[in-house]
1. Out of (1) crowded, with 24+ Cβ neighbours inside 10 Å; (2) away from ligand 2 (no atom under 16 Å from the Cβ), what's the single condition that is false for M228?
2. Please enumerate the residues belonging to the stretch 94-137 that are assigned to a loop (DSSP other than H, G, I, E, B), within 14 Å of ligand 1 (Cβ to nearest atom), among the hydrophobic types (A, V, I, L, M, F, W, C) and within 18 Å of the chain's Cα centre (by Cα).
3. So how many residues does the stretch 103-119 have that are away from ligand 2 (no atom under 12 Å from the Cβ) and crowded, with 19+ Cβ neighbours inside 10 Å?
4. Could you please tell me which pairs satisfy a Cβ distance under 7 Å, a separation of 6+ or placement on different chains, a first residue in the stretch 89-110 that is more than 13 Å from G129 (Cβ to Cβ) and in contact (Cβ under 8 Å) with a residue 60 or more places away in the chain, and a second residue that is among the β-branched types (V, I, T) and within 16 Å of ligand 2 (Cβ to nearest atom)?
5. Please note which strands (runs of 3 or more DSSP E) are completely contained in the stretch 1-64 and include at least 1 residues that are in contact with a Lys or Arg (Cβ under 9 Å, 6 or more places away or on another chain) and in contact (Cβ under 8 Å) with a residue 40 or more places away in the chain.
6. Six or more apart or on different chains, Cβ atoms under 9 Å: show the pairs whose first residue is in the stretch 181-193 and in contact (Cβ under 8 Å) with a residue 40 or more places away in the chain and whose second is among the aromatic types (F, W, Y).
7. Looking at P104, P134, can you tell me which residue is closer than 26 Å to D308 by Cβ and modelled with pLDDT under 95?
8. Mind counting the residues in the stretch 183-218 that are over 14 Å from the mean Cα position of the chain (by Cα) and surrounded by fewer than 23 Cβ atoms within 10 Å (Cβ to Cβ)?
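The values are calculated or read from the model by the stated rules, or taken from the named source; none is laboratory data. No experiment lies behind these values; they were computed from the predicted model shown. Here the Cβ positions follow ideal geometry from the backbone for every residue, glycine too, while neighbour counts run over all protein chains shown.
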Amino acid sequence: MHMIAIVKDSATQDQLDHFVKWIEDRGFRTNVSRGENETVVGIIGDTTRIDPFLLESMDIIDQVRRVSEPFKKANRKFHPEDTVIDCGYGVKIGGGNFQVIAGPCSVEGDNLIEIARAVKAAGATMLRGGAYKPRTSPYAYQGMGEKGLDLLMAAGRELEMPVVTEIMDARDVPLFLEKGVNVMQIGARNAQNFTLLKEVGRTDVPILLKRGMSGTIDELLMAAEYIMSEGNEKVILCERGIRTFETRTRNTFDVNAIPVLHNLSHLPVVGDPSHATGYTRYVRPAAYAACAAGADGLEIEVHNSPADAWSDGAQALTPPQFADAMKRIALIREAILADLGDE
Ligand code: PEP
Ligand code: MN
């Protein structure tokens, strides 16, 4: 049974029969249970095609509930083991493999390789940097484009680090494939760009999928489902903070989402404490929280000179700050994985 409809007390037998026929005419089986206080109609079949709001808008219907989640490929119920994704250069994420993705918000030029060497020395295993930047203002820096991809790929090759970089436009997929981008990032602003999700779903490149700014956990999983339903099952989920009434931080880090996503899905989950907090001073504490909550990895913005960064300087860690964070993250990993012999 995939969906249940609770029928109002006031419904007549005629109205109920009419409702049941309406459902069955659409190819579903039903199971009507008349209780003392309420009548429940179980709707059996692939109810993903039914709009629950349409049913709820019917006069005799009180409430409609889905009994099973609308996501399938991302669902842990149908795939109990953790998914492990190979991101290139033997770097695997998920199922106990923990990776740190670090680098500047934007690729700016020659400082990229300097930052990349520093994050690698501190223990980062993947390199990030934006060549195509989704900016709130069209007058703000938009990224270096193809030249930025070239700088990233050269740095990745030198350091043998997979490159994670954002793709904003479905038309850029061939370019990203040609350059050999290791992991394509779908940014928060594109978390419901279904055309883009489907297009990257037709590749076999791992995808780092960020949660939308106002997206629920279920919406994030449905976005993953869009990618996976096209054939690409290599999706890494990313909690990067959500928009709330709070104004003291750029976003509100939903640390809860990390164990919730692990419970609902087999896909790896990464935390992004940089966009989640927006201020350098809060990035490390939030990174530790994500790590302690069981994240499979972190994505952290690092810049050699944050005051001069072309984007997101306010939330960048310097290389020494990042190196300090990496040592503490290793200790937190040890603490949460320690076998204490009880339980
Ligand atoms: C980024 O990673 O630089 C970025 C733009 O992230 P988000 O989409 O989470 O805002
Ligand atoms: Mn950024």
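1. So M228 meets the others, but not (1).
2. Filtering the stretch 94-137 down to residues assigned to a loop (DSSP other than H, G, I, E, B) leaves 95-96, 98, 104-105, 107-110, 123-125, 129, 131-137.
Those still in the list that are within 14 Å of ligand 1 (Cβ to nearest atom) too: 104-105, 107-108, 129, 131-137.
When the remaining residues are screened for being among the hydrophobic types (A, V, I, L, M, F, W, C), the result is 105, 107, 131.
Within the stretch 94-137, C105 is the sole residue that qualifies.
3. In the first step, residues of the stretch 103-119 are kept if they are away from ligand 2 (no atom under 12 Å from the Cβ); the result is 108-119.
Restricting the remaining residues to those that are crowded, with 19+ Cβ neighbours inside 10 Å gives 108, 112, 115-116, 118-119.
Qualifying residue count, the stretch 103-119: 6.
4. So the pair list comes out as V100/I300.
5. Details: elements: 3-7, 29-34, 39-44.
Answer list for the stretch 1-64: 3-7, 39-44.
6. Short answer, once both residue conditions are applied: N182/Y89.
7. Working: P104 fails: modelled with pLDDT under 95.
Just a single option satisfies the conditions, and that option is P134.
8. 9
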